[in-house]
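Trainee: Before anything else, here's the structure in question.
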Amino acid sequence: MKMTYREAIRQAMHEALAADPRVFLMGEDVGKYGGTYACSKGFLEEFGPERIRDTPLSELGFVGAGIGAALGGLRPIVEVMTVNFSLLALDQIVNTAAALRHMSGGQFSVPLVLRMATGAGRQLAAQHSHSLENWYAHIPGIRVLAPATIADARGMLGPALADPDPVVIFEHAQLYNLEGELPDDWRCDIATAAVRREGTDVSLITYGGSLPKVLAAAGQLAAEGIAAEVIDLRVLRPLDTETIAASLRKTHKAVVVDEGWRSGSLAAEVMACIVEQCFFDLDAPVARVCSEEVPIPYAKHMEEAALPQVSKIVAAVRQVLGK
Amino acid sequence: MTVPYDKTFAQKLLHDMLRIRRMEEKCAELYGAQKIRGFLHLYIGEEACAVGALHALAPGDNIVATYREHGHALVRGVPMDAIMAEMFGKSAGCSRGRGGSMHLFDAATRFYGGNAIVGGGLPLAAGFGLADKLQKRQAVTAVFFGEGAMAEGAFHESMNLAALWQLPVLFCCENNLYAMGTALARSEAQTDLCAKAASYAVPTLKADGMDIVAVHEAMKLAARHVRDGLGPFFLELQTYRFRAHSMFDPELYRDKAEVEEWKTRGPLHTFSARLKAESKLTEEEFLALDARANAEVQASVDFAEAAPWEPVEDLLKDVVTPPSPSIPLPPAGEGSNPPPSPARGRGAGGEGPP
């Protein structure tokens, strides 16, 4: 069945709401407005205002309330409009949701699902465009997901809600209009990375909104006779390093593509894992393509220059391969 | 005003205040002996607040407290042994030694911390209220915080949410006049805390936090309002801490005379004097209550001393819920998802209290 990423997210939430009365959706403009990205269109009419709960602009307050509601026996899906706004709620996420299980000696789990849009590419400038997934991936106690395909958009929410611990789901804003086939077997785990394209010459490791760019780059490289393997991390914490290592043992070369800024990026973590686990398998230094170290600019050509692009990925691969 | 309680209940209140006082005096001593480390925030002087307030709540209610929560945990029913062991960092502690003084937790008594981010518990309390409201449980969530928390955005966001959604949350502000070393008037443009709360269309009440009868009566009224489904309530308890903010505080910000003045209103001696005047307490009975409190403290110290240290191999335990084969992947194919499995942790709708 053909559908958009947005529709896949919508169906996943619809299914969860219909199946479990403990599940409810809360966030800014999720109800009357239908969701900032229209992921909850029609939900208010169908499930009512108790379960489709428009919140005031109080990220700290309603994310914290989601934690309390989860502790109180519900299964909240809390939508934060963008990762930039989630910084207003960071205290509750880091100091409470992620820490509570441990600092209570294992007495309280927080079964909270936090969804938020991330990423650049729509000329929304420096307060609506950032990729801070790695900040969250740094924190013990939470699971971080980055669905990059229609199937993952459809499949990741169910197991996220079943997870007894907090799960943060990053939906790249550029993906909502992505259209594709929803496979019959869309159900998935939230633990492993996926090989999106097999290859033998180089491993391209990426996640989220960069996956379409990396697949396009792999297509171009194939035309040049370079067989790139594409790994979609899917789960940013805990990282599935085994899938990465298995690929490296085959290709012996890697380029990591990450829309986060280069310094302290998730790419840096992946590269460190490769060096730790695959050093003697490597035939070339590991390379990365990240965002330039600048707040994302408004002007289109400047924004494009700041972000990983197909051409930059292809160039990085050629350099690693010495071509 | 005479004490409107029978002798048994009145002595129970006094005894609970004594238990907190003696436990904390011992904690201060053990801090000096380096048995207890980290931050230690004593509640000495403020005991009437926790005791008066918590005795107005029911077992099914939720408690969210601050980092100055030893008294609240104890009165709520967390065993002193478990509190003391937690202070020692032992795995027999109520948070298995992972929390310490500032993070006492107890699922059995619905005691949800022990939060050391000022104002951090307030949004959580709104969430508990939401869960109770949506699940039609007639519970009260009582959240304790200091007046310092009222400068945090979390206070305003949580008050607004609770009022907007008419959540069963009892906001209980223990106003001890100092946010660490910063006096209320030096940090707040509006020093009338009830006025701030009232701006969210929430009913408010002020009570003398040094007077346990005033606290208990105010809390009963507030809890009834909340339990009856009339929405949130804001209660200000005006109190004073006799000791330093923490064990690192040289107390440069307040006069010794001010502290001495407040000590004349100390909740222990004023309440016992009242009870004696009303023939609800004899000196012998007071000494017996005090001796019982001291014996409980000594037993808790012995328990904590004897408790084993958690093996370092367990370090990574309880960061996330361990995988369980009882939660399989959803079946492949068409059809609707089965409802998500209940949490495996205690208290999260799984094996926790109802």
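Trainee: Can you tell me which residue is nearest to the chain's Cα centre (by Cα) among those in the stretch B:196-231 that are over 19 Å from B:Ala151 (Cα atoms) and in a loop (DSSP other than H, G, I, E, B)?
Mentor: B:Gly209
Trainee: Condition first: at the interface with chain B (Cβ under 7 Å from one of its Cβ atoms) and of a type in the set (A, V, I, L, M, F, W, C). Now tell me which residues in the stretch A:48-62 satisfy that.
Mentor: Filtering the stretch A:48-62 for residues at the interface with chain B (Cβ under 7 Å from one of its Cβ atoms) gives A:50, A:56, A:58, A:60-62.
Across the stretch A:48-62, the qualifying residues are A:Leu60, A:Phe62.
Trainee: Identify the residue in the stretch B:82-117 that is free of Cβ contacts under 8 Å to residues at least 60 places away in the same chain and of a type in the set (Val, Ile, Thr) and, among all such residues, is farthest from the other protein chains (Cβ to nearest Cβ).
Mentor: B:Thr109
Trainee: Can you say whether A:Ile169 is in contact with a helix residue (DSSP H, G or I) (Cβ under 8 Å, 6 or more places away or on another chain) and away from every other protein chain (no Cβ under 14 Å), as far as the supplied structure shows?
Mentor: Working: in contact with a helix residue (DSSP H, G or I) (Cβ under 8 Å, 6 or more places away or on another chain): yes; away from every other protein chain (no Cβ under 14 Å): yes.
Judged against the criteria, A:Ile169 is a match.
Trainee: Could you pull out the residue among A:Ala117, A:Ala126 that is part of a strand (DSSP E or B), under 20 Å from A:Glu59 (Cα atoms) and more than 10 Å from every other protein chain (Cβ to nearest Cβ)? Please lay out each step first, then the result.
Mentor: Details: A:Ala126 fails: part of a strand (DSSP E or B).
Of the residues listed, the single one that is part of a strand (DSSP E or B), under 20 Å from A:Glu59 (Cα atoms) and more than 10 Å from every other protein chain (Cβ to nearest Cβ) is A:Ala117.
Trainee: Moving on. Any residue in the stretch A:247-272 that's touching a residue at least 24 places away in the same chain (Cβ under 8 Å) and within 12 Å of A:Ile205 (Cα to Cα): show its pairings with residues that are among the acidic types (Asp, Glu) and in a helix (DSSP H, G or I) at Cβ separation under 8 Å, as long as the two are six or more apart or on different chains.
Mentor: A:Leu248/A:Asp281; A:Leu266/A:Glu133
Trainee: Which of the strands (runs of 3 or more DSSP E) found entirely inside the stretch A:232-323 contain at least 3 residues meeting this: at pLDDT below 95 and of a type in the set (Val, Ile, Thr)? Spell out the reasoning first.
Mentor: Values: elements: A:235-237, A:254-261, A:287-291.
Because the criterion is at least 3 residues that are at pLDDT below 95 and of a type in the set (Val, Ile, Thr), no strands (runs of 3 or more DSSP E) in the stretch A:232-323 meet it.
Trainee: Moving on to the next point. Residues that are under 24 Å from A:Leu87 (Cβ atoms), acidic (Asp, Glu) and in the same structural domain as A:Leu74 (by TED's automatic domain parsing): which helices (runs of 4 or more DSSP H) entirely in the stretch A:132-183 hold 1 or more of them? Walk me through it before giving the result.
Mentor: Working: elements: A:133-137, A:150-155, A:157-162.
Those helices (runs of 4 or more DSSP H) span A:133-137.
Trainee: Could I ask something else about it? Restricted to the stretch B:198-214, and to residues that are in contact (Cβ under 8 Å) with a residue 40 or more places away in the chain and more than 13 Å from B:Met1 (Cβ to Cβ), which residue is surrounded by the most Cβ atoms within 10 Å (Cβ to Cβ)? Working first, answer last.
Mentor: Our first condition is that a residue be in contact (Cβ under 8 Å) with a residue 40 or more places away in the chain; within the stretch B:198-214, this holds for B:200, B:202, B:209-214.
From the residues that got through so far, the ones that are more than 13 Å from B:Met1 (Cβ to Cβ) too are B:200, B:202, B:209-210.
Numbers: B:Tyr200: 19, B:Val202: 18, B:Gly209: 29, B:Met210: 24.
For the stretch B:198-214, the residue satisfying everything is B:Gly209.
Trainee: Among the residues that make up the stretch B:64-77, is at least one of them more than 11 Å from chain A (Cβ to nearest Cβ), in a loop (DSSP other than H, G, I, E, B), within 30 Å of B:Thr264 (Cα to Cα) and in contact with a Ser or Thr (Cβ under 6 Å, 6 or more places away or on another chain)?
Mentor: As a first pass, look at the stretch B:64-77 and keep what is more than 11 Å from chain A (Cβ to nearest Cβ): B:65-77.
With in a loop (DSSP other than H, G, I, E, B) added as a condition, the list becomes B:66-69, B:77.
Now restrict to residues that are within 30 Å of B:Thr264 (Cα to Cα): B:66-69, B:77.
Then drop every residue that is not in contact with a Ser or Thr (Cβ under 6 Å, 6 or more places away or on another chain), which leaves B:77.
Within the stretch B:64-77, one or more residues are more than 11 Å from chain A (Cβ to nearest Cβ), in a loop (DSSP other than H, G, I, E, B), within 30 Å of B:Thr264 (Cα to Cα) and in contact with a Ser or Thr (Cβ under 6 Å, 6 or more places away or on another chain).
Trainee: Return yes when A:Ile67 is more than 8 Å from chain B (Cβ to nearest Cβ) and buried (at least 24 other Cβ atoms within 10 Å of the Cβ) and no when it is not.
Mentor: On the way: more than 8 Å from chain B (Cβ to nearest Cβ): no; buried (at least 24 other Cβ atoms within 10 Å of the Cβ): yes.
In short, no.
Trainee: Is it the case that the stretch B:118-136 has a residue that's in a helix (DSSP H, G or I), without any contact (Cβ under 8 Å) to a residue 12 or more places away in the chain and surrounded by fewer than 24 Cβ atoms within 10 Å (Cβ to Cβ)?
Mentor: Start the filter on the stretch B:118-136 by keeping residues that are in a helix (DSSP H, G or I), which leaves B:121-134.
Of the ones still in play, those that are also without any contact (Cβ under 8 Å) to a residue 12 or more places away in the chain are B:127, B:131, B:134.
If we keep only those that are surrounded by fewer than 24 Cβ atoms within 10 Å (Cβ to Cβ) too, we end up with B:134.
Yes, that holds for at least one residue.
Trainee: Against the conditions (1) out of contact with any Phe, Trp or Tyr (no Cβ under 7 Å at 6 or more places or on another chain); (2) closer than 22 Å to B:Leu134 by Cα; (3) in a helix (DSSP H, G or I), where does B:Gln166 fall short? Just the number, please.
Mentor: It is condition (3) that B:Gln166 fails.
Trainee: Among the residues of the stretch B:54-63, is there at least one that is within 10 Å of chain A (Cβ to nearest Cβ), outside any loop (DSSP other than H, G, I, E, B) and either crowded, with 24+ Cβ neighbours inside 10 Å or in contact (Cβ under 8 Å) with a residue 12 or more places away in the chain (or both)?
Mentor: Taking the stretch B:54-63 as the starting set, the residues that turn out to be within 10 Å of chain A (Cβ to nearest Cβ) are B:62.
Applying the additional criterion that residues be outside any loop (DSSP other than H, G, I, E, B) yields B:62.
Remaining after also requiring either crowded, with 24+ Cβ neighbours inside 10 Å or in contact (Cβ under 8 Å) with a residue 12 or more places away in the chain (or both): B:62.
Yes, the stretch B:54-63 contains a residue that is within 10 Å of chain A (Cβ to nearest Cβ), outside any loop (DSSP other than H, G, I, E, B) and either crowded, with 24+ Cβ neighbours inside 10 Å or in contact (Cβ under 8 Å) with a residue 12 or more places away in the chain (or both).
Trainee: If you check A:Leu112, A:Leu100, which single one turns out to be farther than 18 Å from A:Leu211 by Cα, more than 8 Å from every other protein chain (Cβ to nearest Cβ) and over 15 Å from the mean Cα position of the chain (by Cα)?
Mentor: On the way: A:Leu100 fails: more than 8 Å from every other protein chain (Cβ to nearest Cβ).
Answer to the selection: A:Leu112.
Trainee: Filter the stretch A:9-47 down to the residues that are crowded, with 17+ Cβ neighbours inside 10 Å, in contact with a Ser or Thr (Cβ under 9 Å, 6 or more places away or on another chain) and among the small types (Gly, Ala, Ser), then identify the one that is farthest from the other protein chains (Cβ to nearest Cβ).
Mentor: Checking each candidate, the answer is A:Gly34.
The values are calculated or read from the model by the stated rules, or taken from the named source; none is laboratory data. Being a predicted model, the structure only gives us computed values, none of them experimental. Here Cβ is always computed from backbone atoms with ideal geometry, including for glycine, and neighbour counts include all displayed protein chains.
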